[in-house]
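Enquirer: So that we are looking at the same thing, I have put the structure below in structure tokens.
The values are calculated or read from the model by the stated rules, or taken from the named source; none is laboratory data. All figures in this text were calculated on a predicted structure; none of them were measured in a lab. Here the Cβ positions follow ideal geometry from the backbone for every residue, glycine too, while neighbour counts run over all protein chains shown. Accessible surface areas use protein heavy atoms only, side chains included; no ligands, DNA or RNA. Shrake-Rupley method; radii C 1.70, N 1.55, O 1.52, S 1.80 Å.
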Amino acid sequence: MDDLYPEVVAAGRLATSLDAVAADHGLSLGSARTSEWSSPLTWASVPSGSSVRDDLTVSASTDERRFRIEGWGQGIQLIAGTTDDLVEVVRAAHNWRSSMPLHGIRRSVPFVMLTRRGEVVELGPARVVAAEWQWLRQRADETDRPSHRALIEAAYDEPRLRQLYPYMSHSVLNFSTTTGYPFSPSPVSLGALGSHSNFRVWGRSGVLGETATAAEAVALAVSHFPADLGPAVAGRYEA
């Protein structure tokens, strides 16, 4: 650690080193923190200044000089990045804490990368849902599973499903009323059964039925939807 991070070792904690660099450059991190479950030399967090962003985490690799940052908000990973420059880490943390828009952070601190959902999250939950559907359909097009592609497309064609956040779990298509993790319990789930063309539909209490086509599976699923189910909203699911 002495050779890789002399300034951190001298400060005694990564959090202390972050605060010192911030003070040297006229920036504010609101007092970086350590954690009981991580080494104070290799992990710290910077408190968020926004109700829709979590604390930014900073970690240091033990095999080479490399700092990694990760920022989450409302159950979505928004930014990440690695660099060997502690000053750039502090600039990114300052911008995160000051609620700078995500694209602004990316422009001002080039090592920061926006995640797929981070690219659109500030445009609202409808854009997050639309982007996730686009990604899911692209992934389906890249597979050699025609029944899976048919199921994704049939679900997308149904407006009541398209307004929900789609996600795959164990090859089963699920739907959330929130865009952040943890997701809500899926009102229905859809799966293609192997390489043949049969499809299965699950409700929260068990299997609802099997169908010969993806369109029939979607119709069966929607027939079991709660009447008041609206579009997905931003944030994590809270029971």
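Enquirer: Could you give the semi-axes, largest first, of the ellipsoid that matches the range 126-239, computed as the square roots of 5 times the alpha carbon gyration tensor eigenvalues and rounded to whole Å?
Expert: Rounded to whole Å, the semi-axes are 21, 17, 12.
Enquirer: Which Cα, out of 80, 16, 123, lies furthest along the positive dipole direction of the chain (beta carbon charges, K/R +1, D/E -1)?
Expert: 123
Enquirer: In addition: For the range 127-239, give the magnitude of the charge dipole about the Cα centre (Cβ charges: +1 Lys/Arg, -1 Asp/Glu; no others), in debye to the nearest 20.
Expert: Computed charge dipole of the range 127-239: roughly 180 debye.
Enquirer: Next question. Take the Cα atoms of the chain, build their convex hull, and give its volume per residue in Å³.
Expert: Residue-normalised Cα hull volume stands at 150 Å³.
Enquirer: Compute the angle between helix 214-223 and the longest alpha-carbon principal axis of the chain, please, reported from 0 to 90 degrees and rounded to the nearest 10.
Expert: 80
Enquirer: If you build the Cα gyration tensor of the range 59-126 and take the root of 5 times each eigenvalue, what three semi-axes come out, in whole angstrom, biggest first?
Expert: 22, 13, 9
Enquirer: Suppose only helical runs count, i.e. DSSP H with n ≥ 4. What mean residue ellipticity at 222 nm does that imply for the chain under -39500 (n - 2.57) per run, divided by all residues and rounded to the nearest 500 deg cm²/dmol?
Expert: So the helix-based figure for the chain works out to -9500 deg cm²/dmol.
Enquirer: Within the accessible area of the range 15-103, what % is carbon and sulfur when the probe is 1.4 Å and the other protein chains stay in place?
Expert: The computed percentage sits at 46.
Enquirer: Would you mind telling me the share, in percent, of accessible area of the range 192-239 contributed by carbon and sulfur at probe 1.4 angstrom?
Expert: That share works out to 53 percent.
Enquirer: Rounded to the nearest 10 degrees, what's the angle between the helix 86-97 long axis and the longest principal axis of the chain, both from Cα atoms, 0 to 90?
Expert: Taking Cα atoms only, the helix is inclined about 60 degrees.
Enquirer: With a probe of 1.4 Å, find how much accessible area the chain has per residue, and write the answer as a whole number in Å².
Expert: For the chain, the per-residue accessible area is 49 Å².
Enquirer: In whole angstrom, note down how far apart the Cα centers of the range 2-20 and the range 44-78 are.
Expert: Going from one Cα centre to the other spans 17 Å.
Enquirer: Got a number for carbon plus sulfur as a percent of the range 122-176's accessible area, 1.4 Å probe?
Expert: Within the range 122-176, the accessible surface is 47 percent carbon and sulfur.
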